[in-house]
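K.L.:
One structure is given below, represented as structure tokens, and several questions about it will come after.
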Amino acid sequence: MGTQSSMKLINEEGLRIDGRKFNELRPIRIEVGVLNRADGSAYIEWGGNKVLVAVYGPREAFPKHTQNPSRAIINARYNMAAFSVDERKRPGPDRRAVEISKVIGEALECAVFTEQFPRTSIDVYIEVLQADAGTRIAGLTAASVALVDAGIPMKDMVVGCASGKIDGKVVLDLNKEEDNFGEADLPIAIIPRTNEIVLLQMDGNMTKDELSEAIGMSKKAALYISNLQKEALLAKYKGQESEKEGE
Amino acid sequence: MSKSSDEIVYGLKREYLEKISSQGSRIDGRKFDEVRNLVVTPNFVPRAEGSAEVRLGDTRVLVGVKIEQGEPFPDTPNSGILTTNAELLPMASPTFESGPPNEDSIELARVVDRGIRESKMIDLDSLVIEEGKKVWVVFIDIHVLDYDGNLIDAASIGAVAALLEAKVPASKIGREDIPLPIRHIPIMITSAKIGSSLVVDPCLEEEEVASARISVATNEEGNVVAMQKGLAGSITEEELFLAIESSIKAGKDIRKRVLRK
């Protein structure tokens, strides 16, 4: 968590600085099939986050020594654009991006039937065009949709939502100021069908009871976002149907 | 398609470890919530401002702390700097290669860093030499010497032990050396999921077949200050809270018995 300050994040009426209630999500919009060359793609806007995801594969893994004879490897690359944050970020992967790429790849691997595609790689490119806290979960949520768009078989779509603690209260879906000046941040992603946790990180300071409350809140929000993922996919393929009918 | 012999051996190992864990036992005879023998040797490298050698079973890690003068970050002009780095030395395992840090060593360093930073173990605000211009920079360097599983806990306990011993070399700027200002003692404990069991402090053989791991850092009040789920498998909420309980319990023991705090 960032530096502590006296900044007030919840007002007298119990509302947050962007006017949300403690358990309220920021607006989320998902679009499918937004890139031409990629095998699958998706775009997500989540509050001020704008994240674009492309999926290539399954294709022959390269370099060859990375190939696994019994399953596909998932190669996730999370990258922040230099202009996505207040102060220009030096381009290229930093240590934070390497770690986030790793945990996102591991989370997707829990859902994808990798054993169906030995010796291949499934490449997931996540580009954060504008960042507003919660980019890893926004990217992961969009990545699942892009994997479906690429026709890759999965148990279910991975979906997540962060929760955290600000002004001593557990809240859902931190924005940038809340992330910077709050007391804890807890990004979580799940597989809704089985209720398994596939990504979990936490920093800050929380009691067990607060954690339990936060996880419950995140899971509930994830189920709602899971529907948005499905609606976005349906919207694309229904659209194609009606186009065909029109021809 | 033919499978390599490595794959077959791996499959057999996993099957065996999952089978014995479903019967309540572990390959080295430990209980599920039992940490391996932990020996911490503080001040192993007197040249460093702080240091500790950690032996966790057959895993061996050396952590050195150097404290030097530097410029503060522009957004925190009145605060010292903490930076953590980890090296998986090729001497520590046949699977480690020399070269720039890979994602495993970066994750290790960042998870160790998170436990220390988020617990507010070090009072960074008191490490200012000249406001906005000069502060003390605390470098934690983790050297993995021998890899027999669970580097996260060994490295993180080593870092905490080294920081507890560390001195700020203020004599270099004409003041008196002072102990590094310490506020809290975070302990990070990792559990691994084997089949449907959760075991604390996995050894290498367990780590190799684990589907998921969960690392939890707690402070002396029993609050959680950092967590990281790893590996390409999932955990349930019940397993998460089991791992938190194990971490609190083992943390208390290590704080008292090993670090004597």
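Please treat every number below as a calculation from the coordinates, not as lab data. Computed from a predicted structure; not experimentally measured. So basically every Cβ, Gly included, is an ideal-geometry build from the backbone, and we count neighbours across all protein chains shown.
K.L.:
Given the options B:Thr41, B:Thr84, B:Thr236, state which has the largest fluctuation in a GNM of chain B using a 10 Å cut-off (strictly under) for Cα springs.
P.N.:
Maximum among the listed residues: B:Thr236.
K.L.:
Hey, another quick one. Could you run the Karplus curve 6.51 cos²θ - 1.76 cosθ + 1.60 with θ = phi - 60° over segment B:72-83 and give me ³J(HN,Hα) per residue in whole Hz, x for Gly and Pro?
P.N.:
x, 5, x, 7, 9, x, 10, 8, x, 10, 10, 9
K.L.:
Calculate the dipole size of segment B:72-182 relative to its Cα centre from +1 charges on Lys and Arg beta carbons and -1 charges on Asp and Glu beta carbons; express the result in debye to the nearest 20.
P.N.:
Its charge dipole is roughly 460 debye.
K.L.:
Over all residues in B:220-229, what is the mean tally of Cβ atoms on other chains that come within 10 Å of each residue's Cβ?
P.N.:
Shielding by partners across B:220-229 averages 6.
K.L.:
Further, regarding this structure: In peptide A:190-197, what is the residue-averaged number of other protein chain Cβ atoms found within 10 Å of each Cβ?
P.N.:
Taking all residues of A:190-197 together, the mean is 3.
K.L.:
Oh, and also: Hull surface divided by four, with the convex hull built on the Cα atoms of chain A: how many nm²?
P.N.:
15.3
K.L.:
Relative to the longest principal axis of the C-alpha atoms of chain B, give the angle of the C-alpha long axis of helix B:103-118, reported between 0 and 90° and rounded to the nearest 10°.
P.N.:
That helix lies at roughly 60 degrees to the long axis.
K.L.:
Additional query: Sorted from fewest to most neighbouring beta carbons within 10 Å, what does the list B:Lys256, A:Lys176 look like? Can you show the working numbers first?
P.N.:
Working: B:Lys256 11, A:Lys176 18.
Going from sparsest to densest Cβ surroundings: B:Lys256, A:Lys176.
K.L.:
Moving on to the next point. Straight-line reach from A:Lys102: which lysines have a Cα under 21 Å away, not including same-chain ones fewer than 8 places off?
P.N.:
Output for A:Lys102: A:Lys50, A:Lys64, A:Lys89, A:Lys155, B:Lys193, B:Lys229.
K.L.:
When chain A is modelled as a GNM with alpha-carbon springs shorter than 10 Å, which of A:Ala61, A:Ala143, A:Ala184 fluctuates the most?
P.N.:
Result: A:Ala61 has the largest fluctuation of those listed.
K.L.:
Also: Given a 10 angstrom Cα cut-off, can you work out which residue in B:Glu118, B:Glu107, B:Glu221 is the most mobile in a GNM of chain B?
P.N.:
In the Gaussian network model the winner is B:Glu221.
K.L.:
Just going by the charge dipole of the protein assembly as shown, with Lys and Arg at +1 and Asp and Glu at -1 on Cβ, which of B:Asn78, A:Gln240, A:Ile17 is farthest out on the positive end?
P.N.:
B:Asn78
K.L.:
Can you give the Rg/Rh ratio of the protein assembly as shown, where Rg is from the C-alpha atoms and Rh is the Kirkwood radius?
P.N.:
Numbers: Rg = 23.2 Å, Rh = 23.8 Å.
Looking at the protein assembly as shown, the ratio lands at 0.97.
K.L.:
Now a separate question. Lysines near B:Lys172 by alpha-carbon distance under 24 Å, same-chain residues fewer than 8 away left out - which ones?
P.N.:
B:Lys66, B:Lys133, B:Lys134
K.L.:
Taking the Cα centre of chain B as origin and charging only Cβ (+1 Lys, Arg; -1 Asp, Glu), how large is the dipole, in debye to the nearest 20? Present the calculation step by step, with values, prior to reporting the outcome.
P.N.:
Working: 32 positive and 43 negative charges, 142 e Å.
The calculation lands at about 680 debye.
K.L.:
Let me ask something else. Taking chain B as the reference, fit the longest principal axis to its C-alpha atoms, fit the long axis of helix B:237-253 to the helix C-alpha atoms, and give the angle between the two in degrees, 0 to 90, nearest 10.
P.N.:
So the inclination is approximately 50 degrees.
K.L.:
Roughly how crowded by other chains is peptide A:205-212, in terms of the mean Cβ count from those chains within 10 Å of each of its Cβ atoms? Can you show the working numbers first?
P.N.:
Details: counts 11, 4, 4, 8, 0, 2, 8, 4.
For peptide A:205-212, the averaged partner shielding equals 5.
K.L.:
Now for a separate question. Rounded to the nearest 20 Debye, what is the dipole magnitude of the protein assembly as shown about its Cα centre when Lys and Arg each give +1 and Asp and Glu each give -1 at the C-beta?
P.N.:
Roughly 380 debye, rounded to the nearest 20.
K.L.:
Next up: Looking at B:Gly230, B:Leu259, B:Val9, which one has the Cα that reaches farthest to the positive end of the dipole of chain B (charges on Cβ: Lys, Arg +1; Asp, Glu -1)?
P.N.:
Farthest towards the positive pole: B:Leu259.
K.L.:
Can you give the three extents of the C-alpha atoms in segment B:37-258 along their principal axes, from longest to shortest, in whole Å?
P.N.:
Reported extents, whole Å, longest axis first: 58, 37, 34.
K.L.:
Using just the C-alpha positions of segment A:171-210 as equal point scatterers, what log10 of I(q)/I(0) does the Debye formula give at each q in 0.19, 0.24 1/Å?
P.N.:
Debye output, listed in q order: -0.65, -0.89.
K.L.:
Filter the GluC sites (Glu not before Pro) in segment A:1-87 to those in DSSP coil with at most 15 other Cβ atoms within 10 Å of their Cβ, and list the result.
P.N.:
Answer in residue order: A:Glu12, A:Glu13, A:Glu24, A:Glu87.
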